[in-house]
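Undergrad: Before I ask anything, here is the structure I am working with.
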């Protein structure tokens, strides 16, 4: 394998983690990289804990299993920190991105991160301000792009436009794009 990067998403049903992992994979594939985006969840219901995964590489990816040792962990619902070991298996020097108003150091202390870096963004706040809905996935994608250098923001903007065209009104698409860009601009770590 070339430069395999593995990402594990922690969320609750309805927060858009599945969509986020699919959008990220699509954007990277459109740039000529190899990528996978897939969910893992039990009984589908709103609010139930779910996980999403991404694998990204410059060469074909032959792995087709859950991600046990992620390079990056993305937490869309900070309440999961109290009930799950979200950093389980995180590689040394890995990155953790959390949707919260709390500081990176406060989150690092809560999750017990010893070797790695914590980033935070108020993705739910951004989503509510821009889209009027508490779905934090697009601001989290923006923040993830900023901390990972996986892709430039404009590639993701074009994928979101393409995926949302015809499904949403232009004003809703614009609101989602603002949320995406704000996540990119407002992440702290």
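The values are calculated or read from the model by the stated rules, or taken from the named source; none is laboratory data. These figures come from a predicted structure and were not determined experimentally. Reconstructed Cβ throughout: ideal geometry from the backbone, glycine too, with neighbour counts over all protein chains shown.
Undergrad: If you check 81, 67, which single one turns out to be part of a loop (DSSP other than H, G, I, E, B) and under 18 Å from residue 7 (Cβ atoms)? Walk me through how you get there before you give the answer.
TA: On the way: 81 fails: part of a loop (DSSP other than H, G, I, E, B).
Among 81, 67, only 67 is part of a loop (DSSP other than H, G, I, E, B) and under 18 Å from residue 7 (Cβ atoms).
Undergrad: Just to be sure, is residue 82 surrounded by fewer than 12 Cβ atoms within 10 Å (Cβ to Cβ) and in contact with a helix residue (DSSP H, G or I) (Cβ under 9 Å, 6 or more places away or on another chain)?
TA: Working: surrounded by fewer than 12 Cβ atoms within 10 Å (Cβ to Cβ): yes; in contact with a helix residue (DSSP H, G or I) (Cβ under 9 Å, 6 or more places away or on another chain): yes.
The answer is yes for residue 82.
Undergrad: Would you point out which residue out of 189, 166 is more than 15 Å from the chain's Cα centre (by Cα), farther than 25 Å from residue 56 by Cβ and modelled with pLDDT under 95? Walk me through how you get there before you give the answer.
TA: On the way: 189 fails: farther than 25 Å from residue 56 by Cβ.
Exactly one residue qualifies, and that residue is 166.
Undergrad: Does residue 145 qualify as being farther than 15 Å from residue 78 by Cβ, part of a helix (DSSP H, G or I) and under 17 Å from the mean Cα position of the chain (by Cα)?
TA: Yes, satisfied.
Undergrad: Among the numbered conditions (1) more than 26 Å from residue 161 (Cβ to Cβ); (2) part of a loop (DSSP other than H, G, I, E, B), tell me where residue 133 comes up short.
TA: It is condition (1) that residue 133 fails.
Undergrad: Given the structure, is residue 102 farther than 13 Å from residue 187 by Cβ and assigned to a helix (DSSP H, G or I)?
TA: Working: farther than 13 Å from residue 187 by Cβ: yes; assigned to a helix (DSSP H, G or I): no.
When the stated conditions are applied, residue 102 does not pass them.
Undergrad: I need a count of the residues in the range 64-83 that are under 19 Å from residue 18 (Cβ atoms) and more than 17 Å from the chain's Cα centre (by Cα).
TA: Qualifying residue count for the region: 2.
Undergrad: Ok, one more. Being over 21 Å from residue 105 (Cα atoms), outside any loop (DSSP other than H, G, I, E, B) and in contact (Cβ under 8 Å) with a residue 12 or more places away in the chain is the requirement here; does residue 182 meet it? Write out each step before concluding.
TA: Working: over 21 Å from residue 105 (Cα atoms): yes; outside any loop (DSSP other than H, G, I, E, B): yes; in contact (Cβ under 8 Å) with a residue 12 or more places away in the chain: yes.
It is true that residue 182 is over 21 Å from residue 105 (Cα atoms), outside any loop (DSSP other than H, G, I, E, B) and in contact (Cβ under 8 Å) with a residue 12 or more places away in the chain.
Undergrad: So residue 96 clears everything in (1) within 22 Å of residue 50 (Cβ to Cβ); (2) assigned to a helix (DSSP H, G or I) except one condition, right? Which one?
TA: The failed condition is (2).
Undergrad: For the range 22-32, enumerate the residues that are under 15 Å from residue 180 (Cβ atoms) and in contact with a strand residue (DSSP E or B) (Cβ under 7 Å, 6 or more places away or on another chain).
TA: Of the range 22-32, the ones under 15 Å from residue 180 (Cβ atoms) are 22-24, 26-27.
Selection gives 22, 24.
Undergrad: Any residue that is buried (at least 21 other Cβ atoms within 10 Å of the Cβ), closer than 17 Å to residue 29 by Cα and in contact with a helix residue (DSSP H, G or I) (Cβ under 6 Å, 6 or more places away or on another chain) - is there at least one of those in the range 115-135?
TA: no
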